[in-house]
Amino acid sequence: MALADSPSPNPSRLREGDYWTAADLARDLTALGLHPGTIVMAHVGFRSVGRCINGADTLIAAIREAIGGEGTLVVATDWHAPYLEDDLLDDSGRVPAEWREHIPPFDPATSRSMRDNGVFAEWVRTTPGAVRSRNPNCSVAAIGARAEWLIADQPLDYGYGPGSPLAKLVEAGGCVAMIGARGISMTLLHHAENLADVPGKIILREEIPYATPEGTVWRMNEEYESSDAIVSGFSDDYFDDILADFVATGQARAGKVGDADALLIDARAIVAFAAGWIERAVAAQRPPG
């Protein structure tokens, strides 16, 4: 991703009782480095942005204005599946028989986004024209010129790895916008975890119901651990450390979007940095031999 040359982000703040408009936020995003044609994956702590005249739709409109008709906005959605969050699965990763008929299947068009991903992801998913990828626990929603290409043919196993929307984001020279969001929320770092050459990655196997034209089909999905650390000995929020170390190299652009602190990061650069960070950290845990 070539970040656009631009002036420093607009330091203006709202007067009491005022709202941010899409034009205000688009100026901030352009100053941050977004430009027409960009594929951008956005992670947003929406409350931090401040009062927006049309809620989260204001920021969606602002990003689309900044990236233009040839750009694409992407968000991580995963899916809202309480049976997974509540540890309903048995030791083999299967759903007990008495609960199976009560669990709605994953449907990319209608299933809610995971609540932990915030209100912004669900607003993007439900924006007219948005499309969503097919791996439930690794799904993304996208809207824009390359949305269909980005979400197509996502693997049903290891959905953050090769062939995933995250791999395509890197391939296309895209970027990540962190808007009032911590590093722990940066989904692209799961792609780096998949690529990192380290032993002992924790694997999860979970039974997932899929909506199909023929009815619900249950399938065992296999992924690397993504809710907690992928290897033992790491802190569960070690993505914060990776992002902080990456920012310290000077490779990120920092500014404001509304009231929120924001970063714009090249996808290829952060993935290469993070994979190396993970490999070095794992190597440092090994006893000398």
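The values are calculated or read from the model by the stated rules, or taken from the named source; none is laboratory data. All values reported here derive from a predicted model rather than from experimental measurement. Please note: Cβ atoms are built from the backbone with ideal geometry, for glycine as well, and neighbour counts cover all protein chains shown. The area values use the complete protein model at the heavy-atom level, side chains included, leaving out ligands, DNA and RNA. Shrake-Rupley method; radii C 1.70, N 1.55, O 1.52, S 1.80 Å.
Give the shape of the chain as rounded, prolate or oblate, defined through the alpha-carbon gyration tensor: a ≥ b ≥ c are the square roots of its eigenvalues, a/c under 1.5 means rounded, and otherwise the shape is prolate if a/b is larger than b/c and oblate if not. Here the chain falls in the oblate category. For the range 161-202, the square roots of the Cα gyration tensor eigenvalues, ordered a ≥ b ≥ c, give a/c of at least 1.5 with a/b no greater than b/c, which places it in the oblate category. For a modelled paramagnetic label at R182, 7 Å from Cα along Cα-to-Cβ, the residues of the range 218-256 in reach, with backbone nitrogen under 11 Å, are 236-241. Using the Cβ-Cβ distance between A109 and R205 with R0 = 35 Å, the FRET efficiency computed as 1/(1 + (r/R0)^6) comes to roughly 0.85. For the chain, the share of DSSP beta bridges that are antiparallel, to the nearest 5, is 75%. Toward the positive end of the charge dipole of the chain, with +1 on the Cβ of Lys and Arg and -1 on the Cβ of Asp and Glu, the farthest Cα among N135, V74, I202 is that of V74. Per residue of the chain, the DSSP helices (runs of n ≥ 4 H) give a summed -39500 (n - 2.57) that works out to -8500 deg cm²/dmol at 222 nm. Accessible area per residue for the range 25-87 is 37 Å², calculated with a 1.4 Å probe on protein heavy atoms, without ligands, DNA or RNA.
On the basis of the beta-carbon distance and an R0 of 35 Å, Y19 and D116 show a calculated FRET efficiency of 0.80.
With a simple spin-label model that places each label point 7 Å from the Cα along the Cα-to-Cβ direction, the separation between S48 and D259 comes to 1.3 nm. Residues whose amide H falls under 5 Å from that of C52, counting only those 5 or more places apart or on a different chain, are W20, with hydrogens built in the peptide plane. Distance between the C-alpha centres of the range 205-226 and the range 42-71: 32 Å, rounded to the whole angstrom.
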